[in-house]
Amino acid sequence: MGNDQTFVKALGRADVLAVGFGAMIGFGWVVLAGEWVSGAGTAGAALAFVLGGSVMAVVGLTYAELVSALPKAGGEHHYVLRALGSRWAFVASWAMVLGYLSVVAFEAVALPETALYLFPDLPAGLLWTVAGYDVYATWALVGIVGAVVVTWLNYVGIRPAAVAQTVAVAFLVAVGFVMLTGTVAGGSAQLAEPWFTGGFAGILGVLVAVPFLFVGFDVIPQSAEEIKLPERHIGRLLVVSVLMAIAFYVVIVVGTGFALDDVALANSQLAAADAMTSLWGHPAFGTLLVLGGIAGILTSWNAFLIGASRLVYAMAASGMLPRWFAHVHPRYRTPTHAIVFIGGLSVLAPLFGDNMLTWLVNAGGLTITMGFTMVAVTFLVLRRREPGLARPFRVRGGPVIGVTAAVASLVLLSLYLPGMPAALGSAEWTIIGGWWLAGLYFLTRFPEVGPGADGEQRLIRATRR
């Protein structure tokens, strides 16, 4: 540890669900709902979300068992270290850190981008152009202020951050309920016809994007030491959060399909907002949905800052990163040095514009799927090597679930490769290359320690020597 302080157990059931569910719901659903319905049809898009969400639920099951057995801050770091040793633990953790940092940074850009929908005249005071994107002072200021507020909430304790998360998620759920009510009361099944468009290719077009919208349930294990619940409940809540996200996305897709015809979908910039307006017959409801999107930005932002700071803390506490990051504030009981560092990056993020941060998020998506793959392998290794390990939440059909999760994660990873639907460009590969060069520097500065239940203790002793 960085000092003698420990985390405080402050998260209850509602808090855990808010962290997991909120991390998975950003702003993309507000912008992309029309494309999903147009590309696959109302039923086709909904089916894609059910299928894609189910795949992520399988991956989530491996996390659920591992977090119940090893409820430590840093999640993947501890699982892989115990199963595969220090080198692979660093690879998995370093991969996830880039993914988390990319989301935290991007949300600082998503907030002012969303504000443009409500305040079209917001841009003023051109600062510079980055990768073809004009950065304005007023636009950047919105993101910077948001970053300062989210960082401060996390700095002063997990409880304030959790309260803010729960309030924002409650609003987000309320918006979904309003959409569902409007669909039942004012929607038209005739507008949703044809239910399937584009055949299998149409569903696949939506399915490719779906799994990446569910990234975030893995934030729950990062804060495991701050959860005041029996270990078996943590695993269950993780899976429930994924199911909640499936339900939310299906409600948005069906509501959009029941409200707008093909022409309206084609001409709509924010189809979900226009659908809400149509369902209730007043533009105020469209604005309400956009505000729900802003709540989604904040919940995702806050959750990933929680996850990133705990993972960086865990790596530093075991000697993989400078121990400065392992400091726990004596009063607030949060890893404040890690929070300030990550929050500082999000403060700077708006100054780089939208395009640069989009590249970062794409690069982070690939590394997150790397982490998922290694967790699935770890799940299988520990099942074989440590069958007697206490698993309060034990997944039935463990080997089948583990293999399915590993294969699914590899498939997701392959989608980023050249020639695939989500293939990365040269800018993203440059970011990934730079990230792993930096990782190589840290990787060579701590000793290799083999797997085992005492792996972390042996690594800490070795790095201190």
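The values are calculated or read from the model by the stated rules, or taken from the named source; none is laboratory data. Predicted model, so just to flag it, every value in this text is computed and none were measured. FYI the Cβ positions are ideal-geometry reconstructions off the backbone, even for glycines, and counts take in every protein chain you see. SASA here: full protein model, heavy atoms, side chains in, ligands and nucleic acids out. Shrake-Rupley method; radii C 1.70, N 1.55, O 1.52, S 1.80 Å.
Do we find a residue being touching a residue at least 12 places away in the same chain (Cβ under 8 Å) and surrounded by fewer than 16 Cβ atoms within 10 Å (Cβ to Cβ) anywhere in segment 143-150? Scanning segment 143-150, I find at least one residue that is touching a residue at least 12 places away in the same chain (Cβ under 8 Å) and surrounded by fewer than 16 Cβ atoms within 10 Å (Cβ to Cβ), so the answer is yes. Going through (1) in contact with a Phe, Trp or Tyr (Cβ under 7 Å, 6 or more places away or on another chain); (2) over 30 Å from Pro230 (Cβ atoms); (3) among the basic types (Lys, Arg) one by one, Arg333 falls short only on (2). In the set (1) of a type outside the set (A, V, I, L, M); (2) open to solvent by 40 Å² or more (accessible area, probe 1.4 Å); (3) under 21 Å from Asn362 (Cβ atoms), Pro120 fails one condition alone, (3). Beta carbons closer than 6 Å, at least 6 apart along the sequence or on distinct chains, pair a first residue in segment 196-210 that is within 18 Å of Ala408 (Cβ to Cβ) with a second that is open to solvent by 40 Å² or more (accessible area, probe 1.4 Å) and not hydrophobic (A, V, I, L, M, F, W, C) for Val208/Pro421.
When Val361 is tested against (1) more than 19 Å from the chain's Cα centre (by Cα); (2) within 22 Å of Gln222 (Cα to Cα); (3) in a helix (DSSP H, G or I), exactly one condition is not met: (1). Can you say whether His329 is over 23 Å from Phe106 (Cα atoms) and either modelled with pLDDT under 95 or not β-branched (Val, Ile, Thr) (or both), as far as the supplied structure shows? In short, yes. Of everything listed in (1) part of a helix (DSSP H, G or I); (2) crowded, with 24+ Cβ neighbours inside 10 Å; (3) more than 20 Å from the chain's Cα centre (by Cα), the single unmet condition for Thr299 is (3).
Considering only residues in segment 371-389 that are touching a helix residue (DSSP H, G or I) at 6+ places or on another chain (Cβ under 6 Å) and surrounded by fewer than 20 Cβ atoms within 10 Å (Cβ to Cβ), the one that is nearest to Arg87 (Cα to Cα) turns out to be Val381. Within segment 275-286, can one find any residue that is of a type in the set (S, T, N, Q) and open to solvent by less than 30 Å² (accessible area, probe 1.4 Å)? No. Tell me, please, whether a residue that is out of contact with any Lys or Arg (no Cβ under 7 Å at 6 or more places or on another chain), assigned to a helix (DSSP H, G or I) and in contact (Cβ under 8 Å) with a residue 24 or more places away in the chain can be found in segment 411-419. Yes, that holds for at least one residue. The requirement of being over 27 Å from His78 (Cα atoms) and open to solvent by 40 Å² or more (accessible area, probe 1.4 Å) is fulfilled nowhere in segment 7-21; no residue meets it. Scanning segment 410-452 for residues that are within 20 Å of the chain's Cα centre (by Cα) and open to solvent by 70 Å² or more (accessible area, probe 1.4 Å) yields Leu410, Val411.
The residues listed here are Val97, Val135, Val55, Val67; of these, the one that is among the hydrophobic types (A, V, I, L, M, F, W, C) and open to solvent by 10 Å² or more (accessible area, probe 1.4 Å) is Val55.
One residue alone among Phe442, Phe446 is touching a residue at least 24 places away in the same chain (Cβ under 8 Å), in contact with a Gly (Cβ under 7 Å, 6 or more places away or on another chain) and under 16 Å from Trp88 (Cα atoms), and that residue is Phe446.
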